[in-house]
Amino acid sequence: MHVLRRLDPPLVLAFVLFTFVTGWFVTGLWHVWDHPMLPWLGVTALSALTTYECWRTARYARLDTDIRTFWRRLGIACAILVPGSLSTMYDSVGGPVLTQEISVPTQIVFGLALAMILTALLRLPTWRRTRGDWLRFGLDTGIILITAGVLVWHYSLSRIDFSASPNSTPLSGLVIIMVSFASLVTFVKVAFAGAGRLDRGSLYLLAIGVALAAATGSIVPLTADRPYLAPGLIAFPVSEIAAILAARRQRRRWDAPTPARPASRRFSLVPYISVVLLYAAVLHVEIPQSGEEARMAIAATAVTVLVALRQLTTLRDNARLLDAVDASLQQLDHQVTHDALTGIGSRSAYTGELSARLAGGEPFVVALLDLDDFKVINDRHGHATGDALLQAISGRLRDRLRAEDTVARLGGDEFTLLLPGMTGADTDLLLHELLAAVQAPVLAGGLEMAPRISVGVTASRPDDSAGELLRRADVAMYAAKTAGGGRWTWFDPIMDRLADDDARLTADLRQAIIRDELFLVYQPIVELPHGRLAGVEALVRWRHPEHGLVSPAVFIPLAERNGQIVEVGRWVLEQAVAQTARWERDLGPNAPAKVSVNVSARQLGQPGFPAEVAALLSAAGVDPARLTVEVTETAVLGTGVALEVLRALAAQGLSIALDDFGTGQSSLSLLVDCPVDWLKVDKSFVDGVTSDSPQAVIVDSLIGITEGLRMQAVAEGVETAEQAERLYRAGYRFAQGFHFARPLAETDIELLIAAQQVQLT
């Protein structure tokens with residue numbers, strides 16, 4: 001169904017005034033009006049309306065600060081034209097007779113308006129020039145004004161007999177032409193150089209309006225004998241209606257950037273064109289008269305042409321040299337402001353953009369993106385594959401953002417976005433689409449991968465700094481990772497409080513070993529179906545003096561992030577080996593056959609770790625076959641240092657268990673490359689084993705794989721007898737979970753062993 005658009009009163013009024021004034025003027029070419037003041041009142045109203053439209057655009061919040069400043073200055077210039085039009089009206093109709101003369105006060109008002117227009121144009125950020133550029137611009141403007149003035153005077157105004165119209169003078173038309181030409185030169189200069197986010201179409205409309213105003217000087221011969229038809233009655237309306245349309249177009253095209261054109265080579269044809277026009281006029285005057293003056297004029301013209309040609313050839317050579325220099329400078333600038341690997345913005349360029357946006361006071365959103373488990377990809381597939389993945393992701397980010405958005409690589413696998421003019425809902429919608437695109441499978445380095453990204457988001461504040469914005473986004477990004485990754489999280493002030501709590505907890509964790517606050521518990525690993533003890537898994541706990549028992553889900557990730565996991569892991573290993581030695585001594589053959597100890601990726605990366613383990617076992621007199629090292633997939637995914645360390649430990653006689661299998665970036669090739677003796681199937685699969693679910697299918701399949709590879713499978717997180725029975729029927733012979741026992745102190749393990757011995761007897 002077609003819906004009529006609502007009438008726009010300001011625009012309708014503008015066209016009504018424009019039509020009235022121009023219609024009055026055209027009709028006045030053959031009709032003498034009795035009330036010559038009426039069109040001037042229309043011009044004044046049109047000037048006020050133009051001021052209103054410019055100020056509306058200047059207050060449009062979605063525009064950049066520089067563009068709003070331009071429209072505010074243009075609005076001031078239009079406001080100056082309101083008294084200017086009234087002053088022109090007084091000059092024309094306020095005296096005893098009608099006249100086209102322009103008084104000095106009116107000329108001063110026009111000069112102020114012109115100065116404000118030129119200031120608005122030349123203060124645009126893309127046209128801020130050196131002193132030399134300003135000098136050349138001034139010279140070009142002077143040349144154009146002199147040339148235009150001479151030619152208009154010679155070919156137009158000087159040929160009009162103003163004596164027959166004593167109330168009309170050439171000054172009125174000449175002033176309009178000079179003012180309009182000066183403005184037009186500036187508009188052309190700015191349009192050629194580019195004007196940032198000032199809409200180029202709006203700039204063209206303004207230039208067209210000024211050009212038409214300049215052209216009204218050509219109608220002076222038609223109005224010389226009609227003093228009530230001042231040229232300003234046409235010059236004012238055409239320039240003002242163009243300004244109104246330009247302001248409205250800028251509001252509609254607020255999100256359309258205007259690309260800057262290539263930088264000028266500081267070469268201008270303006271002086272040469274002006275010389276050609278003036279010499280043509282001189283020859284036009286002198287040649288018909290012949291004689292010595294004509295010959296001198298021809299000779300002077302010829303020499304001038306030759307000198308100009310010689311200068312042009314020199315300028316052409318200099319331009320080529322400047323092109324080469326500029327190409328090098330542009331390449332250097334590109335290297336400084338762009339990331340070498342991905343081609344998007346660099347960290348320094350991004351922080352500069354942040355600072356500029358903050359200084360402008362416009363609201364925007366910052367998003368910090370980080371790839372989940374990127375180190376694993378580098379370690380397993382090599383840095384070339386990791387680089388290819390970063391390039392693919394950066395391309396996806398760049399392709400799916402708006403033109404006014406900024407994307408940069410901060411370093412490593414961290415990217416950041418700057419999203420101006422976005423609300424919370426807009427940002428959520430954009431990030432939803434962005435993550436869907438970025439996390440789609442990608443072919444990198446000949447391998448298909450499904451990247452996951454965690455995003456932290458924060459909105460700018462008036463008192464922000466670039467560093468504070470990135471800090472908040474970083475805090476929110478880590479919150480997204482903690483929540484599981486592959487999502488975005490907005491910054492909340494509570495995150496800072498949580499971060500402070502984490503910092504205090506981290507400081508306390510450094511003292512926990514010294515203060516004897518850490519202790520071990522042991523969760524039994526049993527044989528199926530009877531549930532006899534087959535081994536134990538050592539688990540660390542922290543009894544905080546203020547907070548009581550701190551969950552391992554809280555302090556282990558803290559220790560991983562700040563590196564304390566190495567010290568904590570060493571302490572756990574020492575305690576577990578010592579306890580194993582005590583059990584061997586006190587319980588003899590009834591001691592747990594296997595004691596499992598979790599080892600982190602950071603521990604595996606420590607130089608001399610296998611020798612450290614060997615020294616501990618030797619000092620305690622423990623058989624290496626009793627100790628099992630449990631590692632996660634992500635700790636050893638690859639063929640690097642971690643894998644070599646595990647092979648060295650296996651060579652010493654230790655067993656290797658792959659923990660939480662199926663929850664990371666699982667790869668069956670890892671079961672071939674890594675010397676795995678025990679495969680621990682994660683609880684997330686065991687939970688669904690009693691139902692007709694995909695998890696049950698995976699559980700059934702894994703037992704076949706382990707049997708074929710001569711490994712032992714341990715089902716984790718068994719909580720019901722039904723699960724235990726179903727696992728046994730599937731072929732599992734080892735399990736652990738709350739159904740059998742919760743983690744126990746070493747004395748409780750001894751009691752459990754004693755109870756089982758009683759049952760056997």
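The values are calculated or read from the model by the stated rules, or taken from the named source; none is laboratory data. These numbers come from a predicted model, not from an experiment. Note that each Cβ is placed from the backbone with ideal geometry, even for glycine, and that neighbours are counted across all protein chains shown. What goes into the accessible areas is simple: the full protein's heavy atoms, side chains included, and nothing from ligands, DNA or RNA. Shrake-Rupley method; radii C 1.70, N 1.55, O 1.52, S 1.80 Å.
Starting from 0 in steps of 5 Å, tell me what percent of the Cα-Cα pairs of segment 382-512 lands in each bin.
Histogram of Cα-Cα distances, whole percents per bin: 2, 9, 17, 21, 19, 13, 9, 6, 3, 1, 0.
Going toward the positive end of the dipole of segment 479-581, with +1 on Lys and Arg Cβ and -1 on Asp and Glu Cβ, which of F519, Q579, L533 do you reach last?
L533
If L434, L751, L11 are ordered by their accessible area, calculated over protein heavy atoms with a 1.4 Å probe, which sequence runs from highest to lowest?
Values: L434 0, L751 115, L11 45 Å².
Heavy-atom accessible area, descending, gives L751, L11, L434.
Solvent-accessible area per residue for segment 347-478 at a 1.4 Å probe radius, Å²? Before the final figure, lay out each step's value.
Values: 5400 Å² over 132 residues.
Computed with neighbouring chains in place, this is 41 Å² per residue.
Can you give the charge dipole size of segment 334-453 about its Cα centre, rounded to the nearest 20 debye, using +1 on the beta carbon of Lys and Arg and -1 on the beta carbon of Asp and Glu?
Numbers: 10 positive and 17 negative charges, 38 e Å.
The dipole of segment 334-453 has a size of about 180 debye.
Through the Karplus equation 6.51 cos²θ - 1.76 cosθ + 1.60, θ set to phi - 60°, convert the phi angles of segment 480-491 into ³J(HN,Hα) values in whole Hz; use x for Gly and Pro.
5, 5, 4, 6, x, x, x, 7, 10, 9, 6, 5
Find the accessible area per residue for segment 9-103; the probe is 1.4 Å, ligands and nucleic acids are left out, and the unit is Å².
47 Å²
Given the whole protein assembly as supplied and a 1.4 Å probe, what does the accessible area of Y60 come to in Å², nearest 10?
70 Å²
Solvent-accessible area of L41, probe 1.4 Å, all protein chains present, reported in Å² to the nearest ten, please.
Probe radius 1.4 Å; accessible area of L41 about 90 Å².
Just want the answer: with Cβ charges of +1 for Lys and Arg and -1 for Asp and Glu, which residue in G412, T423, G445 is farthest toward the dipole's positive end in segment 399-447?
The one lying farthest along the dipole's positive direction is G445.
Using the Cα gyration tensor of segment 12-120, with a ≥ b ≥ c the square roots of its eigenvalues, what is the shape: rounded (a/c below 1.5), prolate (a/b larger than b/c) or oblate (neither)?
Working: a/c = 3.43, a/b = 1.68, b/c = 2.04.
Oblate, since a/c reaches 1.5 and b/c is not below a/b.
Between L29 and M296, what is the FRET efficiency for a Förster distance of 35 Å, r being their Cβ-Cβ separation, to the nearest 0.05? Intermediate results must be reported in sequence, preceding the final value.
Values: r = 44 Å, r/R0 = 1.26.
Efficiency, rounded to the nearest 0.05: 0.20.
Give me the Kirkwood hydrodynamic radius of segment 610-756 in Å, from all C-alpha pairs, to one decimal place? It would help to have the intermediate numbers written out before the result.
Numbers: mean 1/r = 0.0602 Å⁻¹.
Roughly 16.6 Å, rounded to one decimal.
Ignoring ligands and nucleic acids, what accessible area does L371 show with a 1.4 Å probe (Å², nearest 10)?
10 Å²
Arrange the peptides 614-624, 577-587 so that the one whose residues have, on average, the most other Cβ atoms within 10 Å appears first. Please report the intermediate quantities before stating the final value.
Details: 614-624: 14.9, 577-587: 17.4.
For the peptides 614-624, 577-587, the packing ranking is 577-587, 614-624.
Given Cβ point charges of +1 (Lys, Arg) and -1 (Asp, Glu) and nothing else, what value in debye, to the nearest 20, does the dipole of segment 645-761 about its Cα centre take?
Working: 8 positive and 16 negative charges, 60 e Å.
The calculation lands at about 280 debye.
Students sometimes get this wrong: rank H432, H31 by accessible area, probe 1.4 Å, all chains present, largest first.
Values: H432 115, H31 80 Å².
In descending accessible area the options line up as H432, H31.
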